[in-house]
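K.L.:
My questions will all concern the structure given below.
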Amino acid sequence: MSGSKKKTIITAVAVGIVVIVMAIAACTTTAESVQATFWGLVPPIVAIGLALITKEVYSSLFLGILVGALLYTGFNFEATVNHVFSGGIVAVLSDAGNLGILVFLVILGAMVSLMNKAGGSAAFGRWASKKIKTRVGAQLATIVLGVLIFIDDYFNCLTVGSVMRPVTDKHNVSRAKLAYLIDATAAPVCIIAPISSWAAAVSGFVEGEDGLSLFIQAIPFNFYALLTIAMMISLAVMKVDFGPMALHERNAISGDLFTTPDRPYATDTSPDENPNGKVIDLLIPIICLIVCCITGMLYTGGFFSGVNFVDAFAGSNASVGLMLGSFFALVITIALFMLRKVMTFEKCMSCLPEGFKAMVPAILILTFAWTLKSMTDDLAAGTFVAEIVQNSAAGFMNFLPAIIFLIGCLLSFATGTSWGTFGILIPIVVKAFQGTDHTMMIIAISACMAGAVCGDHCSPISDTTIMSSAGAQCNHVNHVSTQLPYAMVAALISFLSYIVAGFTRSALISLPFGLIVLFLLLFIIKRKHRGAFHHI
């Protein structure tokens, strides 16, 4: 049987299962009866399952949206159509925060196009090839840059991708591996950085407590983030890969960076690229982007109106700040290239539609992912999960951090949002432990954050995952399928570490336990696959 026929059969079976499930729902439920029940998690389960089975993300997301709308409207045709478009797609595109992120994406795409046309990216690649001699060095350099850009995960994904892509390509690092390194230095780094948009978000969900202080105290217990960073470095240094990623890396060493023929983000080198470009044609725009985006976030937090630095970050609007900052960075970049006579004004302007075009796949997936999230919100999936947490708290106190971690993973995976998971779980945890057990509250809050990041890291409908694919110019399903085994290893060890933390209440015991288990497991995997990468 040919591959295309097999894929068609699998797709037909998957869609058939969805039809059967919906037929059962139509016969046994009403619009009111699905609220705050397991049915609220069915739309994302359908979308994620179909995406992983069919390897086609657009139709899978849309079918998930359609399932959510059918459940919400009680299978009324007219109401379903209106809810999909007016209440879903149009509504999320009308949201100021979402629109700010899309504008930021387009401007960043334009800046990448500008830097490529000016020859800055190629010049940086030539410079880096002299300084970075090995595949290990290319991966470690990507990790270091990702850790340094800790302000915001969106900013991290696209900036690290545009800067490091020429370097990793030269050293035959697969696009899937680059996407993993970008994704693993986005949310996992932001969630342990006190000065970041994520710290501000978490602090905002903690009522009646010093949110920033709790965030800092929870960092040593944020096992998933810390283990993911340790795992990235270990994979690079030990020269070991496993699961689907191993195939991508073997193919990359042979010259095929993509493995699959579908390359929606791939762009060829522009024929009119400036061969005389210099490294400053990349570094100055990137530095301007960093400075302007930080300034933009501080501006939205009221820093220039007298609010102190920390409070300004805590009260900042990340999407608006990134949009404003990227706009001014774009203006500065165009002015720089014109003053240096690297590009004419007409060529600079031609990069704007090219940047937009390069970001269309990411924008489309983000729009569908946001719409799917709105469907789960309408079905009160978060309320259903919150009730599970509250009902389990009494009988499993020592196991509660591990339970919260698992629930956070599942909720974030299903909804594709870390921040939404924070908003649901953290207030419950604070209410459960406030004034009674401060240490357990810190551990439980860290479990909320770690679980949310883990689920977000694994989910194909997560905006961070989507933008990591865009930053690496990697097929989105390839990124998800190759990253999942790595994320699951870190998640399993994190779960065990939270069990240890629930009994010992000590990061000095539970964190080293997790690190030791991780290193032993990677050592065993390396020995099992010895020889697979002897030529790296």
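The values are calculated or read from the model by the stated rules, or taken from the named source; none is laboratory data. What you are looking at is a predicted structure, and each value in this text was computed from that prediction instead of being measured. Positions of Cβ are backbone-derived with ideal geometry, glycine not excepted, and every protein chain shown enters the neighbour counts. These accessible areas exclude ligands, DNA and RNA; they are computed on the full protein's heavy atoms, side chains included. Shrake-Rupley method; radii C 1.70, N 1.55, O 1.52, S 1.80 Å.
K.L.:
Is the stretch 105-124 home to any residue that is free of Cβ contacts under 8 Å to residues at least 60 places away in the same chain and either open to solvent by 10 Å² or more (accessible area, probe 1.4 Å) or β-branched (Val, Ile, Thr) (or both)?
P.N.:
Residues of the stretch 105-124 free of Cβ contacts under 8 Å to residues at least 60 places away in the same chain: none.
The answer is no, given that none of the residues of the stretch 105-124 is free of Cβ contacts under 8 Å to residues at least 60 places away in the same chain and either open to solvent by 10 Å² or more (accessible area, probe 1.4 Å) or β-branched (Val, Ile, Thr) (or both).
To keep it simple, each residue is scored yes or no on (1) touching a residue at least 12 places away in the same chain (Cβ under 8 Å); (2) over 29 Å from Met245 (Cα atoms).
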residue: Leu425; (1), (2): yes, yes
residue: Met440; (1), (2): yes, yes
residue: Ile443; (1), (2): yes, yes
residue: His457; (1), (2): yes, no
residue: Pro460; (1), (2): yes, no
residue: His476; (1), (2): yes, no
residue: His479; (1), (2): yes, no
residue: Met488; (1), (2): yes, no
residue: Leu492; (1), (2): no, no
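Each row is one residue, and each column tells you yes or no for (1) buried (at least 24 other Cβ atoms within 10 Å of the Cβ); (2) modelled with pLDDT of 85 or more.
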| site | (1), (2) |
| --- | --- |
| Phe328 | no, yes |
| Ala381 | yes, no |
| Glu387 | no, no |
| Ala393 | no, no |
| Ala414 | yes, no |
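K.L.:
Can you tell which of Thr371, Thr333 is of a type in the set (S, T, N, Q) and within 30 Å of Gln35 (Cβ to Cβ)? Don't jump to the end; show me each part of the working.
P.N.:
On the way: Thr333 fails: within 30 Å of Gln35 (Cβ to Cβ).
Going through Thr371, Thr333 in turn, the sole match is Thr371.
K.L.:
Between Met349, Met359, which is open to solvent by 10 Å² or more (accessible area, probe 1.4 Å), under 19 Å from Val106 (Cβ atoms) and modelled with pLDDT under 80? Can you show your working first?
P.N.:
Values: Met349 fails: modelled with pLDDT under 80.
Testing whether each residue is open to solvent by 10 Å² or more (accessible area, probe 1.4 Å), under 19 Å from Val106 (Cβ atoms) and modelled with pLDDT under 80 leaves just Met359.
K.L.:
Given the condition part of a helix (DSSP H, G or I), modelled with pLDDT of 85 or more and not basic (Lys, Arg), answer yes or no: does some residue in the stretch 418-432 qualify? So that I can check it myself, show each step before the final result.
P.N.:
Pass one, the stretch 418-432, residues part of a helix (DSSP H, G or I): 418-432.
Keeping just the survivors that are modelled with pLDDT of 85 or more gives none.
No: zero hits.
K.L.:
Then there is this: Inspect all residues belonging to the stretch 483-494 and state whether any of them is assigned to a helix (DSSP H, G or I) and at pLDDT below 90.
P.N.:
If we filter the stretch 483-494 for residues that are assigned to a helix (DSSP H, G or I), which is where we start, we get 483-494.
Checking which are at pLDDT below 90 leaves us with none.
No - not one qualifying residue is present in the stretch 483-494.
K.L.:
Then there's this: Just the residues that are part of a helix (DSSP H, G or I) and open to solvent by 60 Å² or more (accessible area, probe 1.4 Å), please, taken from the stretch 311-323.
P.N.:
Looking only at the stretch 311-323, we keep the residues that are part of a helix (DSSP H, G or I), and these are 311-314, 318-323.
Hit for the stretch 311-323 is Asp311, nothing else.
K.L.:
Test Val34 against the stated conditions and say whether it is open to solvent by less than 40 Å² (accessible area, probe 1.4 Å), under 15 Å from Leu63 (Cβ atoms), out of contact with any Asp or Glu (no Cβ under 7 Å at 6 or more places or on another chain) and modelled with pLDDT of 70 or more. Break it down into steps so the answer makes sense when it comes.
P.N.:
Working: open to solvent by less than 40 Å² (accessible area, probe 1.4 Å): yes; under 15 Å from Leu63 (Cβ atoms): no; out of contact with any Asp or Glu (no Cβ under 7 Å at 6 or more places or on another chain): yes; modelled with pLDDT of 70 or more: yes.
Judged against the criteria, Val34 is not a match.
K.L.:
Within the stretch 152-159, is even one residue modelled with pLDDT of 85 or more and open to solvent by less than 30 Å² (accessible area, probe 1.4 Å)? Give the derivation first.
P.N.:
Restricting attention to the stretch 152-159, the residues satisfying the condition of being modelled with pLDDT of 85 or more are none.
Checking the stretch 152-159: not a single residue is modelled with pLDDT of 85 or more and open to solvent by less than 30 Å² (accessible area, probe 1.4 Å).
K.L.:
Mind checking whether some residue in the stretch 456-467 is outside any helix (DSSP H, G or I), β-branched (Val, Ile, Thr) and buried (at least 24 other Cβ atoms within 10 Å of the Cβ)?
P.N.:
Of the stretch 456-467, the ones outside any helix (DSSP H, G or I) are 459-462.
Then keep just the ones that are β-branched (Val, Ile, Thr); that gives 461.
Filter once more, so that each one left must be buried (at least 24 other Cβ atoms within 10 Å of the Cβ): 461.
So far as the stretch 456-467 goes, yes, one or more of its residues are outside any helix (DSSP H, G or I), β-branched (Val, Ile, Thr) and buried (at least 24 other Cβ atoms within 10 Å of the Cβ).
K.L.:
Shifting gears a bit: Determine whether Arg135 is charged (D, E, K, R) and crowded, with 17+ Cβ neighbours inside 10 Å.
P.N.:
In short, yes.
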